[in-house]
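Here the structure comes first, spelled out in structure tokens, and everything after it is commentary.
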Amino acid sequence: MRSLIAGTGSYAPEKIVTNADLEKLVDTNDQWIVERTGIRERHVVADDQATSDLALEASRRALDAAGLDAKDVEMIVVGTVTPDYPFPSVGAVLQGKLGNRKAFAFDVSAACAGSLYALSVADRFVATGAVKNALVVGADALTRITDWTDRNTCILFGDGAGAMVLKPTDDPQRGIRAVRLHTDGSLVPILLQPGGGSRDPISEKVVREKSHYVKMNGREVFKVAVRSLEESCREVLADEKLTPGDVTWVIAHQANKRILDATLHRLEIPESKCWMNLEKYGNTSAASVPMTLDEANRAGWLKPGDTVLMMAIGGGMAWGASVVRW
């Protein structure tokens, strides 16, 4: 038995910040941002919105698509690095908002790879029969931890949520197949939120130094991302005795168009097979993969039996890939 993605959903907050808006905040311009990232605009949470609010909307849409009542969900796992509170988890908050009393719920933290990590955990529970279904969510409000005076990072991030409902299937031609996850803790310094945790708790010093915001070495992240994504994609394809030429569609973390282009080039997969939406959402962290999957799904791209290659990488550095037979 395998787990099948039976429904998808996504949500982005209403407020939009364009590149032109950023020109008023930092020394940048639309052409520079588009050429280096492919991003034209990003969605930003309202003052009264938190990560769980985004997750709730995406979850409702995924549950509706899967024909599953929220009260019948047995497992909820959320990938996020911007929880509503240090504790409890967004999963717990989401469970309460859904009116569910049955599911066990928790978060996983793998930054932009969070939804793929969450999917891999839920897949094991459903495929082994431990639960009959699972709600997997990737949700982040990265603009809450973005320094809007840092032009190297503020141009990149947006907020959103994506959700997937997993159910079991006995169809040998469908379901989640190979999953490979990796972490390299020696690379923590190139992408992290240094302040605000137990290492350096919130204080006047942390706020003054702005260390509670995301810090990134973009050049190093790019090099690691392209190499790591290519390797993990080849791993999962080899696990299924497939080649890049066998891939029907690619669903990738929308971090930066140059990273996507370089990775696809190395894999010799045409760009036309990869759904891209970063120009309107930016980097939404853990939300990116399920939001992209939902858009491609609702656009009619995905047909039963299609070979879907999923990939993501985030701070940690944490990354991975998966082969899904739709």
For residue 79, distant residues with modelled amide H under 5 Å away: 108, 137, 138, 139
Can you give the calculated 222 nm mean residue ellipticity of the chain, where each DSSP H run of n ≥ 4 adds -39,500 (n - 2.57) and the sum is split over every residue, rounded to the nearest 500 deg cm²/dmol? -9500 deg cm²/dmol
Please give the length that would be gained between residue 97 and residue 46 if that part of the chain were fully extended, namely 0.36 nm times their separation in residues minus their C-alpha to C-alpha distance (nm, one decimal). 16.5 nm
Could you give each residue of region 253-270 its phi-based ³J(HN,Hα) in whole Hz, using Karplus coefficients 6.51, -1.76, 1.60 with θ = phi - 60°, and x for Gly or Pro? 4, 8, 8, 6, 5, 5, 5, 4, 4, 5, 5, 4, 4, 5, 7, 6, 10, x
Give me the dipole magnitude in Debye, nearest 20, for the chain about the Cα centre, with unit charges on the beta carbon: positive for Lys and Arg, negative for Asp and Glu. 500 debye
Are there any trypsin sites (Lys or Arg not before Pro) in region 1-81 that are in a DSSP loop and have at most 11 other Cβ atoms within 10 Å? List them by number. 24
Give me the 1.4 Å probe accessible area per residue for region 86-186, excluding ligands and nucleic acids, in Å². 39 Å²
Quick one: what are the phi-derived ³J(HN,Hα) couplings along region 27-33, Karplus 6.51/-1.76/1.60 with θ = phi - 60°, whole Hz, x for glycine and proline? 7, 7, 8, 4, 4, 4, 5
Computing the accessible area with a 1.4 Å probe over protein heavy atoms, can you report the carbon and sulfur percentage for region 133-237? 49 percent
Region 209-315: spread of alpha-carbon positions along the three principal axes, whole Å, largest first, is 51, 28, 20
Assign one of three labels to region 126-285, namely rounded, prolate or oblate, based on the Cα gyration tensor with a ≥ b ≥ c the square roots of its eigenvalues; rounded applies when a/c is under 1.5, prolate when it is not and a/b is larger than b/c, and oblate otherwise. prolate
Percent of C-alpha pairs per 10 Å bin, the chain, short to long: 6, 29, 37, 22, 6, 0
All-pairs Cα distance distribution in region 119-181, expressed in whole percent, bin size 5 Å: 3, 15, 18, 16, 11, 10, 10, 8, 6, 2, 0
Which distance in Å, rounded to a whole number, links the C-alpha centroids of region 39-107 and region 149-172? 12 Å
What is the distance in Å between the Cα centroid of region 207-284 and that of region 307-326? 9 Å
Too-long pairs where the Cα-Cα distance tops 23 Å, listed order kept, from 273/303; 71/167; 24/280; 210/280; 241/303: 210/280
Inter-probe distance in nm under a simple model that places probes 7 Å from Cα toward Cβ, at residue 261 and residue 235: 2.8 nm
For region 175-325, what is the percent of antiparallel DSSP beta bridges, rounded to the nearest 5? 75 percent
Just to confirm the filter: which trypsin sites (Lys or Arg not before Pro) across region 206-285 are DSSP coil and have at most 11 other Cβ within 10 angstrom of their Cβ? 241
Do any GluC sites (Glu not before Pro) in region 205-288 lie in a DSSP loop with no more than 10 other beta carbon atoms within 10 Å, and if so, which? 268
Antiparallel versus total DSSP beta bridges in the chain: what percent is that, nearest 5? 70 percent
Stretched fully, the stretch from residue 182 through residue 104 gains (0.36 nm per residue minus C-alpha distance, one decimal, in nm) 25.5 nm
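The values are calculated or read from the model by the stated rules, or taken from the named source; none is laboratory data. Here the structure is a predicted model, which means the values were calculated and not measured. We place every Cβ from the backbone using ideal geometry, glycine too, and count neighbours over all the protein chains shown. The area values use the complete protein model at the heavy-atom level, side chains included, leaving out ligands, DNA and RNA. Shrake-Rupley method; radii C 1.70, N 1.55, O 1.52, S 1.80 Å.
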